[in-house]
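Input: a single structure, listed below in structure tokens.
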Amino acid sequence: MNHEAKLIELPKIEDPRGNLTFVQQNDQIPFSIERVYWIYDVPGGQIRGGHAFKLQQEVIIALSGSFDVLINNGEEEELFTLNRSYFGLYIPKGIWRSMQNFSTNAVALVLSSTQFDEADYIRNYAEYIRYLNTN
Ligand code: TYD
């Protein structure tokens, strides 16, 4: 699938006192981090996302629990299951995605390449397909 979304394995410092993982700007993360947000307390069966970004790139990490990220580039779909806090899913700009199948106590950490801008969202799938055909 030609969307360039990919899993990034993050450093894991194993320790009998508890494990530690980190990200450093422009090291594990292929962009400058402008914003961090997290999604939590997701009731069973709920779906988050369901949109694409024109410019925003992001890395999604399952800090706790598990959930699925469904990626769609207008032609093909791919499902990534995130259930380890030392893996991040890199999603380039211009990719439709949704997040579903959240476990109890799942926490999704999102590192974003942009500040929040509602104008960067494409929230309608038909509009997304039109956008792909004209950009
Ligand atoms: P949205 O990105 O649509 O959530 P998700 O993709 O997880 O389903 O954001 C939900 C609401 O929160 C929307 O009204 C915009 C607002 N929001 C902010 O104000 N700042 C942010 O950084 C984010 C991510 C969302």
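The values are calculated or read from the model by the stated rules, or taken from the named source; none is laboratory data. If you're wondering where the values come from, they're calculated on a predicted model, not measured in any experiment. Every residue, glycine as well, gets a Cβ built from its backbone with ideal geometry; the counts of neighbours run over all protein chains shown. Note: areas computed on protein heavy atoms with side chains; ligands, DNA, RNA excluded. Shrake-Rupley method; radii C 1.70, N 1.55, O 1.52, S 1.80 Å.
Working with all protein chains in place, sort VAL110, VAL23 by solvent-accessible area computed with a 1.4 Å probe, largest first.
Greatest to least solvent exposure: VAL23, VAL110.
When the Karplus curve 6.51 cos²θ - 1.76 cosθ + 1.60 is applied with θ = phi - 60°, which whole-Hz ³J(HN,Hα) does each residue of region 63-74 get, with x for Gly and Pro?
5, 8, x, 8, 6, 9, 10, 9, 9, 9, 9, x
Using the beta-carbon distance between ASN19 and ASP41 and R0 = 25 Å, what value does 1/(1 + (r/R0)^6) give for FRET efficiency, to the nearest 0.05?
0.55
How much length is gained if the chain between ARG130 and PHE116 is pulled fully straight, taking 0.36 nm per residue apart and subtracting their Cα-Cα distance, in nm to one decimal?
Extra length from ARG130 to PHE116 when fully extended: 2.7 nm.
Using a 1.4 Å probe and counting only protein heavy atoms, arrange THR21, THR104, THR81, THR114 so the residue with the most accessible area comes first.
Final ranking, largest accessible area leading: THR104, THR81, THR21, THR114.
Calculate how steeply helix 125-134 sits against the longest principal axis of the alpha-carbon atoms of the chain, using the helix alpha-carbon long axis, and give the answer as 0 to 90 degrees to the nearest 10.
70
Considering the chain as a Gaussian network with a 10 Å cut-off on Cα pairs, which listed residue, ASN73, ASN101, ASN124, attains the greatest mean-square fluctuation?
For the chain, modelled as a Gaussian network with Cα springs under 10 Å, the answer is ASN124.
Given only helices, namely DSSP H runs of n ≥ 4 each adding -39500 (n - 2.57), what is the per-residue ellipticity at 222 nm of the chain, to the nearest 500 deg cm²/dmol?
-2000 deg cm²/dmol
So, taking all protein chains as they sit and a 1.4 Å probe, how much accessible area belongs to LEU132, in Å² rounded to tens?
Per-residue accessible area (LEU132): approximately 60 Å².
Considering the Cα positions of the chain, please state its Rg to one decimal place and its Dmax as a whole number of Å.
Using the Cα atoms of the chain, the pair Rg, Dmax is 15.0, 54 Å.
Evaluate the distance, in nm, between pseudo-label points positioned 7 Å from the Cα of LEU63 and of LYS12 along their respective Cα→Cβ axes.
1.9
Over region 59-135, what number does the Rg to Rh ratio reach, with both radii from the alpha-carbon atoms and Rh per Kirkwood?
On the way: Rg = 13.5 Å, Rh = 13.6 Å.
Here the Rg-to-Rh quotient is 0.99.
Report, to the nearest whole %, how much of the accessible area of the chain belongs to carbon and sulfur atoms, 1.4 Å probe, protein only.
45
R0 = 22 Å: FRET efficiency of LYS93 with ARG48, Cβ-based, nearest 0.05?
Calculated transfer efficiency: 0.75.
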